[in-house]
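Asks: Following this message is one structure expressed as structure tokens.
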Amino acid sequence: MTFSAPVTHVYNPFVYALKPYGLYCKKYANAPKEVLFVGMNPGPWGMAQTGVPFGEVAAARDWLGVEAPVRRPSGEHPARPVLGFDSPRSEVSGARLWGWARERFGTPEAFFQRFFVLNYCPLLFLAASSEKAVANLTPDKLSKAERAPLEAACDVHLATAIEYLRPQFCVGVGAFAEMRLQSVCAERFPAMRIGRILHPSPASPLANRGWAGQAEEELRAQGIAV
């Protein structure tokens with residue numbers, strides 16, 4: 001696939017960070033699951049560094065116990081380097097999500113006995129106007145012509161994951177993920193119970209006012225015990 005302006009750089013952690021992603025799946029993707037959480041796509045300081053969805057470095061390494069070599073992507077932008085588990089940056093979304101899981105469930109084993117977390121799209125899109133000015137573009141900001149083949153591939157990936165994990169609930173982390181779940185499940189899994197929780201991004205004013213408590217309230221309202 002090719003992507004036009006404003007996209008200038010595309011990172012694919014499934015290529016350069018496949019080892020830690022594979023380790024994450026091997027450790028925790030045992031089926032069946034009660035709830036599948038689906039995010040949108042990697043963040044520059046999370047999955048783009050570690051290969052783990054919402055993969056804030058400290059959470060992935062120290063709590064999930066996932067650490068493996070990460071290569072450098074081709075066409076890397078100097079303001080968004082991939083340093084793997086040596087990255088000094090923390091991803092707020094990942095710190096919030098995995099921090100909640102640690103606080104509520106204590107151990108990864110207790111959390112993953114019921115839940116699994118993946119991203120709908122594996123690609124990170126960057127729009128760079130200079131060596132220092134770089135913006136993160138989410139898939140919903142791509143042109144319709146470029147979104148169509150991307151979503152077709154990602155829909156297959158999501159459907160395969162649902163078929164394997166056999167969850168009772170699929171929960172979109174944010175509105176975009178919920179929309180893609182509805183589209184995929186309408187055709188393949190019409191009886192699937194689909195919900196949504198607030199995205200933990202710091203760009204969300206609501207998420208900055210106690211994300212974990214709000215997410216728990218939303219889960220309980222959908223019949224998911226936490």
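Asks: Quick check on this structure: which one of Leu198, Leu124 is hydrophobic (A, V, I, L, M, F, W, C), touching a Pro at 6+ places or on another chain (Cβ under 7 Å) and modelled with pLDDT of 95 or more?
Replies: Among Leu198, Leu124, only Leu124 is hydrophobic (A, V, I, L, M, F, W, C), touching a Pro at 6+ places or on another chain (Cβ under 7 Å) and modelled with pLDDT of 95 or more.
Asks: If I filter segment 170-187 down to residues being surrounded by fewer than 14 Cβ atoms within 10 Å (Cβ to Cβ) and not aliphatic (A, V, I, L, M), which single residue comes out as farthest from the chain's Cα centre (by Cα)?
Replies: The extreme case among them is Glu187.
Asks: Follow-up question, since we're still on this one. Any residue that is crowded, with 18+ Cβ neighbours inside 10 Å, touching a residue at least 12 places away in the same chain (Cβ under 8 Å) and either among the aliphatic types (A, V, I, L, M) or in contact with a His (Cβ under 7 Å, 6 or more places away or on another chain) (or both) - is there at least one of those in segment 151-158?
Replies: The answer is yes, given that some residue of segment 151-158 is crowded, with 18+ Cβ neighbours inside 10 Å, touching a residue at least 12 places away in the same chain (Cβ under 8 Å) and either among the aliphatic types (A, V, I, L, M) or in contact with a His (Cβ under 7 Å, 6 or more places away or on another chain) (or both).
Asks: So, one more: Yes or no: Ala68 more than 21 Å from Phe125 (Cα to Cα), touching a Gly at 6+ places or on another chain (Cβ under 7 Å) and touching a residue at least 40 places away in the same chain (Cβ under 8 Å)?
Replies: no
Asks: Out of the residues in segment 176-224 that are outside any loop (DSSP other than H, G, I, E, B) and of a type in the set (Phe, Trp, Tyr), which is nearest to Leu36 (Cα to Cα)?
Replies: By that ranking, first place goes to Phe176.
Asks: Taking segment 27-57 only, how many residues are acidic (Asp, Glu) and at positive phi?
Replies: 0
Asks: Counting only residues that are crowded, with 18+ Cβ neighbours inside 10 Å, touching a strand residue (DSSP E or B) at 6+ places or on another chain (Cβ under 9 Å) and not in a loop (DSSP other than H, G, I, E, B), how many does segment 112-133 have?
Replies: 8
Asks: Which residues, counting only those in segment 169-210, are of a type in the set (A, V, I, L, M, F, W, C), in contact with a Ser or Thr (Cβ under 8 Å, 6 or more places away or on another chain) and in contact (Cβ under 8 Å) with a residue 60 or more places away in the chain?
Replies: Correct list: Phe176, Ala207.
Asks: With respect to Ser87, is the statement that it is touching a Gly at 6+ places or on another chain (Cβ under 8 Å) and surrounded by 13 or more Cβ atoms within 10 Å (Cβ to Cβ) true?
Replies: no
The values are calculated or read from the model by the stated rules, or taken from the named source; none is laboratory data. Note that the structure is predicted; figures quoted are calculated from it, not measured. All Cβ positions, even for glycine, are placed from backbone atoms using ideal geometry, and neighbour counts span all protein chains on display.
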